[in-house]
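See structure below.
The values are calculated or read from the model by the stated rules, or taken from the named source; none is laboratory data. In this text, all values refer to a predicted model and were calculated from it rather than measured experimentally. No Cβ is skipped: glycine too gets one built from the backbone with ideal geometry, and neighbour counts run over all protein chains shown.
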Amino acid sequence: MEKIEIKVKNTDKLSNVLLNYGFSYNNINKIIRNKDVRIDGIKTNVDGIVFNGQVLTIFVATLPQDKFKKVFEDENILVIDKMSGIEVEGEDGLEGKIPGVIAVHRLDRNTEGVLVMAKNKQAEKELSEAIKKQMFDKKYLAEVVGKTNFKGEKYTAYLVKDSKTSSVKIYNNFVQGAVKIETIFKTLKNGSETSIVEATLITGKTHQIRAHLAFLGNAIVGDGKYGKNEDNKKFKEKKQKLHCYYLKINGINGELSYLNGRKFISLPDWAKTLNINI
């Protein structure tokens, strides 16, 4: 458990003080419900008014360090390299396990890589607006089955969600219920049986990279949903080899404008020998 102390500066509801500090809504509800917060040393499970000068003590379960590593941190944001096998949102996800952070975008449970989290409400507002206006440049690395010849061109297709199977289907042409997707693929290395591909998202839809690559005939190694079981067994991979390695923020006009142009980079072990022009 980690202990956090907050001195109340403005009289307000307990939940609002925690929210402004950087705790997520899910985390706040859990903290209050479980009496993991003390007001001047007294436990409470009531979201009542706290007063200027009072001291809040919050106890939060910490997350094992093998689930993420820090890439960058300041008073406004935390940038991490998320490992496979954990959700971003929710009480049991990164947002619920890392004290004082708010998820502003996400990676799939089994996708690794760079992720930015806000540490206060103003940062959440500015980062969420930047994502909405597509001011985040994100690039992924994927090891895929077979040889590829992607030259950095844009690939367009149409994606349909299948809620019954929690998966998506890709089509060459528009069909009812489809949304247009655009992805840039570039081959970085061809091996004898697999290739490493860089994927740049233009649109950002559910499972876009995984499904798009599989549709093009080069499923990601270890992908149990869109790949083939025989391939995953052959390469002895139970985790999909998809990693968001590059994130750049552009166009923020508020307090976080100092982050404009800043690149956050973290390469997976299986791609560290690549000569990538970043």
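A few notes on this one:
- Residue match in the stretch 215-234 (condition: within 28 Å of Asn76 (Cα to Cα) and not in a loop (DSSP other than H, G, I, E, B)): no
- All of Ile86, Ile98, Ile77, Ile58 fail the test of being of a type in the set (Val, Ile, Thr), closer than 15 Å to Ser15 by Cα and surrounded by 16 or more Cβ atoms within 10 Å (Cβ to Cβ), apart from Ile58.
- Taking residues in the stretch 138-156 that are without any contact (Cβ under 8 Å) to a residue 60 or more places away in the chain and assigned by TED's automatic domain parsing to the domain that holds Phe185, and partners anywhere that are in a strand (DSSP E or B) and surrounded by fewer than 23 Cβ atoms within 10 Å (Cβ to Cβ), the pairs with Cβ atoms closer than 6 Å and at least 6 places apart or on different chains are Lys147/Asn190; Lys147/Ser195; Phe150/Lys186; Phe150/Thr187; Gly152/Lys186; Lys154/Glu182; Lys154/Ile184; Thr156/Glu182.
- Cβ-Cβ contacts under 8 Å between residues 6 or more apart (or on different chains), taken from a first residue in the stretch 177-188 that is of a type in the set (D, E, K, R) to a second residue that is outside any strand (DSSP E or B), are listed as Lys180/Phe174; Lys180/Thr203; Glu182/Ile202; Glu182/Thr203; Lys186/Phe150.
- Just one of the listed residues (Lys228, Lys234) is within 25 Å of Tyr155 (Cα to Cα) and outside the structural domain of Glu112 (by TED's automatic domain parsing), and it is Lys228.
- In the set (1) within 14 Å of the chain's Cα centre (by Cα); (2) at negative phi, the condition left unmet by Phe51 is number (1).
- Residues that are at pLDDT 95 or above and in contact with an Asp or Glu (Cβ under 9 Å, 6 or more places away or on another chain), drawn from the stretch 97-116: Glu112, Gly113, Val114, Leu115
The rows are residues; the columns are (1) of a type in the set (Phe, Trp, Tyr); (2) assigned to a loop (DSSP other than H, G, I, E, B); (3) more than 30 Å from Lys132 (Cα to Cα); (4) modelled with pLDDT of 95 or more.
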| residue | (1), (2), (3), (4) |
| --- | --- |
| Lys239 | no, yes, no, no |
| Cys244 | no, no, no, yes |
| Leu247 | no, no, no, yes |
| Gly251 | no, yes, no, no |
| Tyr258 | yes, no, no, yes |
| Trp270 | yes, no, yes, no |
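- From the options Lys147, Lys151, Lys133, Lys138, residue that is basic (Lys, Arg) and crowded, with 16+ Cβ neighbours inside 10 Å: Lys138
- For Ala130, the conditions (1) modelled with pLDDT under 90; (2) more than 20 Å from Thr206 (Cβ to Cβ); (3) aliphatic (A, V, I, L, M) are fulfilled apart from (1).
- Any chance Ala123 is outside the structural domain of Ile6 (by TED's automatic domain parsing), touching a Leu at 6+ places or on another chain (Cβ under 8 Å) and aliphatic (A, V, I, L, M): yes
- Long-range neighbours under 7 Å by Cβ, at least six apart or interchain, first residue more than 12 Å from Asn26 (Cα to Cα) within the stretch 96-109, second among the polar types (S, T, N, Q) and not in a loop (DSSP other than H, G, I, E, B): Val104/Ser128
- Under the condition of being free of Cβ contacts under 8 Å to residues at least 40 places away in the same chain and either surrounded by 15 or more Cβ atoms within 10 Å (Cβ to Cβ) or under 20 Å from Asn218 (Cα atoms) (or both), the residues counted in the stretch 159-176 number 4.
- Checked against the criterion of being β-branched (Val, Ile, Thr) and in a helix (DSSP H, G or I), the stretch 203-213 has at least one qualifying residue.
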